1. When PHE2, PHE30 are ordered from fewest to most other Cβ atoms inside 10 Å of their Cβ, what list results?
2. Please give the length that would be gained between PHE2 and LYS44 if that part of the chain were fully extended, namely 0.36 nm times their separation in residues minus their C-alpha to C-alpha distance (nm, one decimal).
3. What is the packing order of peptides 44-54, 10-20, taking the mean over residues of other C-beta atoms within 10 Å and listing the highest first?
4. Determine the sum of side-chain charges near THR7: Lys and Arg each +1, Asp and Glu each -1, restricted to other residues whose C-beta is under 15 angstrom from that of THR7.
Amino acid sequence: MFPVVFTIGTATVCHHRPTDGYGVATCNAFSQLLSLTLLQTATKATFAGNADYLGSSQQGTLLK
């Protein structure tokens with residue numbers, strides 16, 4: 001399990017969400033999304049990396 005951070009614009013909405021056995025991390029930030037999506041449409045997930053894996057980031061869009 002590896003920690004992933006989700007952001008919308010410059011606001012972090014989920015801190016260190018762990019990946020599951022398939023390498024997928026999820027973020028349920030519904031309470032924060034309304035105010036943030038009025039300002040931003042792009043989301044970003046970031047894994048800082050560790051001793052075994054390089055860090056990475058991926059841009060995405062919100063699913064409604």
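Each reported figure results from applying straightforward, stated rules to the coordinates on display, with no laboratory input. These numbers were taken from a predicted model, which means no experiment stands behind them. Because the Cβ atoms are built from the backbone with ideal geometry, glycine has one as well, and the counts that use them run over all protein chains shown.
1. The most exposed by this proxy come first: PHE30, PHE2.
2. Fully extending the segment from PHE2 to LYS44 adds 13.5 nm.
3. Going from most to least packed, we get 10-20, 44-54.
4. +2
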